Amino acid sequence: MPLLLKGSRQVLALAKARFTTPSAPGRWLVALRWVAILGMLVTSLVARGLVPSLNPEPLFIMLAAIALVNVAWTVAVGLAPDERRATVGAQIAVDVLALSGVLWFSGGITNPFAPFLTFQIVLAGILGTRRTTMLVTLMVLVSAAALAMAPPLNLEDSPWGPHTLTYVADIVSLLALGAFTGFFVSVYAQRLDTLRESSARSEKLAALGRSVGALSHELNTPLGTIMLAARDLADLGKELGNGEVERTATMMADEAQRASDVIGLLRGYVRPDARKEVLEVSGFVSQYGARELDRLRFDGQRVIQPTHPVHAPVLKAALCQVLTNLLANAVDATARRPDRRIEIHVVERENLVDISVVDNGPGVSPALLPTLGEPFQTTKAAQGGTGLGLYVSSLLAEQMGGTLQLESSPGQGTKVTLALQKAVMGATGEVKQE
């Protein structure tokens, strides 16, 4: 009995974990089915002692078959790349047939647990389509009509007597059906709350995107003016022979152009002269990273480990901005450590190039990790952080056809990796975009 109770708790814990997975009706059904199999097994074992005329062998064979089918469903749902492709309707239809088979060998329509057939209609209505619901309803009606012809159980030889046994069985059936329905509805309501929160977050992000688009449009005008004025100043410095003025003005023009490029990328626009170019990433990242750490006045330990020369198609302005954001975050994260350390790694793997920035800062709480890529989510609010660095970096990574991944644990530092598609060599040895 203790082993049975322990197994029951484990199955229920697994079921609840499955239920709370958003947008996973196939997984919900698999978890529910394990709970139902456990319940039917316990009920069959109890009925074996209370109803001597009951033949338990067909029931155990049916339960074993249902368990094997559920293993197959578990594999099928786990391999499905898109949960919408999971055969929810087929699962519920098979469940109706399986439950009808169990009821046929245990009294048919007179079995107190026969009302569980109607629970399949509830599942179909919530998890399936309208067509699935109509089909399952028709199957339940046909099954109920067929079960009316099943041989009833002989309760006369029960040690409790037919009336007492029927009374207790009806109460247990109603309690089980109510508990099953209540548990399902509660976890489904929890899932709906999660989906509502996700929808509200998406609406906020969409509104933010519109605001950023409008703001970007307004910023381009003064940036254009700054670029023109800086170039004119650079020309004037050149005419006057003042190299310092020329260099400063040129740097201003370049930085204003870079800001304009980043704004264009955020708006989904890439200038004709800012399209992807095949870049030797390893050497560029090493040089740019060292220069940025100098600019950020990082005085801790630096470890820059480039790989051998490897090429990737990138938007140079976007790559620079991502590196600037990641290194700035790393410098801020290590500001209070006496043994400050920042590592820059470039690693080649299969058809990808990984550019990683690793720090030995305090790390990030697991509760905050899922939201750090969203705008205005920051761990540096007290230091004036806006929470836009990783958000902008993620957008720029997508513009380059790459991804940004953050790994962190409290007290273990943080690692952020930009994964880019690698360029390949042509038949004549030239580098080309994959």
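Being open to solvent by 70 Å² or more (accessible area, probe 1.4 Å), closer than 28 Å to Val278 by Cα and either at pLDDT 80 or above or part of a helix (DSSP H, G or I) (or both) narrows it down to one residue among Val353, Val392, Val358, Val347; which is it?
On the way: Val353 fails: open to solvent by 70 Å² or more (accessible area, probe 1.4 Å); Val392 fails: open to solvent by 70 Å² or more (accessible area, probe 1.4 Å); Val358 fails: open to solvent by 70 Å² or more (accessible area, probe 1.4 Å).
None of the other options fit; the residue is Val347.
Report every pair of residues separated by at least 6 positions or lying on different chains whose Cβ atoms are under 6 Å apart, first residue within the range 51-79 and over 13 Å from Ala31 (Cα atoms) and part of a helix (DSSP H, G or I), second of a type outside the set (Phe, Trp, Tyr) and open to solvent by 50 Å² or more (accessible area, probe 1.4 Å).
Listed by first residue and then by second, the contacts come to Pro56/Arg48; Leu63/Leu41.
In the range 99-136, how many residues are farther than 17 Å from Trp28 by Cβ and either open to solvent by less than 20 Å² (accessible area, probe 1.4 Å) or not hydrophobic (A, V, I, L, M, F, W, C) (or both)?
16
If Glu280 passes every condition in (1) modelled with pLDDT under 90; (2) more than 30 Å from Asp339 (Cα to Cα); (3) surrounded by fewer than 16 Cβ atoms within 10 Å (Cβ to Cβ) but one, which one does it miss?
For Glu280, the failing item is (1).
Among the residues of the range 45-76, which ones are of a type in the set (S, T, N, Q) and under 16 Å from Phe105 (Cβ atoms)?
Within the range 45-76, the first condition is being of a type in the set (S, T, N, Q), and the residues that meet it are 53, 55, 70, 74.
Selection gives Ser53, Asn55.
Counting only residues that are in contact with a Pro (Cβ under 9 Å, 6 or more places away or on another chain) and more than 29 Å from Ala31 (Cβ to Cβ), which one in the range 169-207 is modelled with the lowest pLDDT? Outline the logic, then answer.
Applying the first criterion (in contact with a Pro (Cβ under 9 Å, 6 or more places away or on another chain)) to the range 169-207 yields 169-174, 177, 191, 194-195, 198, 204-205.
Still in the running and more than 29 Å from Ala31 (Cβ to Cβ): 204-205.
Working: Lys204: 66, Leu205: 61.
Residue satisfying both the conditions and the ranking: Leu205.
Within the range 111-136, which residues are at pLDDT below 85 and β-branched (Val, Ile, Thr)?
Val122, Ile126, Thr129
Could you please tell me which pairs satisfy a Cβ distance under 8 Å, a separation of 6+ or placement on different chains, a first residue in the range 172-189 that is farther than 15 Å from Thr118 by Cβ, and a second residue that is in a helix (DSSP H, G or I) and at pLDDT below 75?
Close Cβ pairs (under 8 Å, with a partner that is in a helix (DSSP H, G or I) and at pLDDT below 75) amount to Val187/Lys16; Val187/Phe19; Tyr188/Phe19.
The values are calculated or read from the model by the stated rules, or taken from the named source; none is laboratory data. These numbers come from a predicted model, not from an experiment. All Cβ positions, glycine included, derive from the backbone under ideal geometry; neighbour counts span all protein chains shown. Note: accessible area is taken over every heavy atom of the protein model, side chains too, but ligands, DNA and RNA are not part of it. Shrake-Rupley method; radii C 1.70, N 1.55, O 1.52, S 1.80 Å.
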